Structures are given as C-alpha cells and as structure tokens.
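What follows is a single structure, written as structure tokens, with notes after it.
Quick note: the coordinates plus some simple rules give every number you see, no bench work behind them. These numbers were taken from a predicted model, which means no experiment stands behind them. Virtual Cβ from ideal backbone geometry, glycine too; neighbours counted across all protein chains shown.
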Amino acid sequence: MNEYEKIVPLSLDQVQTYSLKDRHSKVTHTDFAQPWRPGGSFQDYLNTLPKILAGLDIRKIAAAWVQARRQDHLVLLGFGAHVLKVGLSPLIIDLMHRSLISAVALNGAGIIHDAEIAMVGRTSEEVEAVIGAGQFGMAEETAVFLNRAISWGVDQGLGLGEAVGRRLLEADFPHNHLSVLAQAAASGIPATIHVAVGTDIIHMHPSVDPAALGQATHQDFRVFAALVSRLAGGVYLNLGSAVILPEVFLKALSLARNLGSPVTPLTTVNLDFIQHYRPLTNVVRRPTQGSGQGFALTGHHEILFPLLAAMVVEECSEATARKNLPRDNTSPI
C-alpha cells in the first residue's frame, strides 16, 4: 500500500449488536449502597453498604470467620505493631474473650508497644526528635523488663509470647487489661512472637540475651506452625504486617504440609492500607491455590478492622438471638 494512499474509515453499517436485556451485567441496582437514615442500628448501617467489590468481600470475610468458629475451626490473627499503636488492642482482646480469635501472632516490635501500654498506658516515641542524639529506643524499663522476661521464659521452657504475657500478669501493671499478651496469657490463648534480630529496640540494650531471644522465638515459630497445621476450614488474617508475618506464615504452612497436614480448605485475608507483594503472594494467593479463598482489603487499620470486627460480633449476636441462647463473652454463637 502506498503510504500516501488515503485510508477509508471502516463502515459501521454491518456491526452486529445484541439486546441489553439479554446481556449479563456485573453490576445491578439491587447491589447499590443505600442512603443512611438517622437513628438506625449498626445492622441497618451494614445493610446500606454496596454489595460490590470490597463491600461484597468484607461480607464474605465476616461470613467465613463466623462459620469457622461455629464449626470449631481456628481463626488466627497475625498483626504488626502499628495495629497496637493505632489503639486496636481492646478490639483484639474482646474478640479473644468472645472466642472469635483462637490465637495471635505478632512481630518483635509488638511486644514493645504491648508492654509499654501495659506499664504506663502509652507508647510510640518521636523518633525524629531523639535519633540525632542517639537516644531512640533507649527506654530502660522497656528493655530490662522484656529482656528479663525472655530469659526467664527460656529457663521455664516457654516461648517468647507466653513468657512476656505471664510476666506482665505477675508484674500487675496498671493497664494490663489493654495488653494483648497479658490477656492472652490470662485466657490461655496462644500468642507467638516472631523476631528478626536487630529490628527491635530491646536488641540494642546490654540486658539482651541473644541466645535466649533466638530460642524463644524459634519455639514460638514451632507453636505457630502447629496451629497452622490445624487451620483446615479456618481463617488466617494478616493485619498490617508487610514482610515478617507473611514470610513466617508461608514457612509454617509449608512445614505443616511437609509433615502431612494438607491445611485445606483455607480462607486467608490481608488487611492493610497498602497492598504489598509478600502479603498478596504469601498470604492471599499461594496458600489458597487449588482449595480455598483469599481476600485483600485496603484501608486504614483503625477504620477497617473495627468495621470487620463489628460485623463478626454482630453476626454472632444475631445468631445467638435467633437460636434464643443465653449470650455471654465466651461463645461465638
């Protein structure tokens, strides 16, 4: 064709069409959001959410969570320390007390913020204000208490999470009721801590015992793997951990399957304000391929998790009312 030849536009006269009425549509008006009416209940609010994309997924997650506990399957919650810094420990503790969370897993920074909240009711320093003087992470009480608790726990044959939880209870700190680890220890709920050496402030202090730290966190990994081996039919939620816990979960799952536990079917969920590669790959996609379902919800921890937790508690309360059973803080239905 001569490059200067004029191109004749395609004619549209013979285009084949179909009726809109016969076409499948992914969105229908019955799934739309509904305006809020002042004075409504929380269930009324939930009913106003659109049943589209994340509005549908969060319903599916809540349903899988409730079903897992009704059938006595495990629900494991792994979370990063930022979750504690934005004030979510009361919700996690409430879910543990309701038997809606079977076990918790934290990264190493989690014990820092959890212990400081128990000790003085506050945590999280201004790093920019003190890093220049080399004072970041140098709080004496935090390091001494935690490092001693870890060493004591190893002597007692305990993992890191249980050791810190027990020592918090024994110290009878004024805000132990807000400590996830203290309340887990009090309730007999497994709490495991997964440490990367050098990532936490207590590793900089002379009170640290590296051997005890390694032994305690390795024992917790094996406890966590034992829990994962029993996770068939259950739910694993990764809340705000971008690297450590997604990696730990994948290794624990591989170990469980290597030892003969298929861990299927499985529901996994990643909740974070940015969707990172490792949680999407190691939590949402790889573990559920072939049998299971994985979800990723994006939003701020301090808004997204309270909404999901409230949906689960509400559904359990509705189930209790429908069955006319006495309600308490120990039964999920």
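Brief remarks on what is shown
- Eligible lysines near residue 21 by straight Cα distance, threshold 23 Å, same-chain separation 8 or greater: 51
- Per-residue 3J(HN,Hα) values for the stretch 228-242, derived from phi via the Karplus relation 6.51 cos²θ - 1.76 cosθ + 1.60 with θ = phi - 60°, read 4, 5, 9, 8, 4, x, x, 9, 10, 10, 10, 10, x, 10, 8 Hz in sequence order (x marks Gly and Pro).
- Taken along the Cα-to-beta-carbon direction at a fixed 7 Å, the label points for residue 26 and residue 54 span 1.7 nm.
- Loop-resident chymotrypsin sites (Phe, Trp or Tyr not before Pro) (DSSP state other than H, G, I, E or B) in the stretch 239-323 with no more than 16 further Cβ atoms inside 10 Å of their Cβ: 273.
- Between residue 16 and residue 317, residue separation times 0.36 nm minus the direct Cα-Cα distance comes to 103.0 nm.
- Here's the list of lysines a cross-link from residue 85 could span, going by alpha-carbon distance under 29 Å and ignoring same-chain residues fewer than 8 apart: 60, 251.
- Formal net charge of residues neighbouring residue 164 (Cβ-Cβ distance under 13 Å; K, R +1; D, E -1): -3
- Amide hydrogen proximity for residue 107: with H placed 1.01 Å from N in the peptide plane, the residues at 5 or more positions away or on another chain lying under 5 Å are 79, 81, 194.
- Relative intensity, log₁₀ I(q)/I(0), of the chain from a Debye sum that treats every alpha carbon as a point, q = 0.10, 0.14 Å⁻¹: -0.64, -1.13
- Zone of residue 211's modelled label, taken as backbone nitrogen in the stretch 141-177 under 13 Å from a point 7 Å along Cα→Cβ: 151, 154-155
- Cα gyration tensor category, rounded, prolate or oblate, for the stretch 184-260 with a/c compared to 1.5: prolate
- Approximate spin-label separation residue 127-residue 171, in nm, with each point projected 7 Å along Cα-to-Cβ: 2.3 nm
- Every helix of 4 or more DSSP H residues in the chain counts as -39500 (n - 2.57), and over all residues that averages to -14000 deg cm²/dmol at 222 nm.
- Each of 72, 220 has some number of other Cβ atoms within 10 Å of its Cβ, and from fewest to most they run 72, 220.
- Taking a point 7 Å out from the Cα of residue 291 in the direction of its Cβ, the residues of the stretch 229-260 whose backbone N falls within less than 11 Å of it are 232-233.
- Centroid-to-centroid separation of the stretch 122-180 and the stretch 238-263 [C-alpha atoms, Å]: 26 Å
- Of the beta bridges in the chain, as assigned by DSSP with both residues counted there, near 0 percent are antiparallel.
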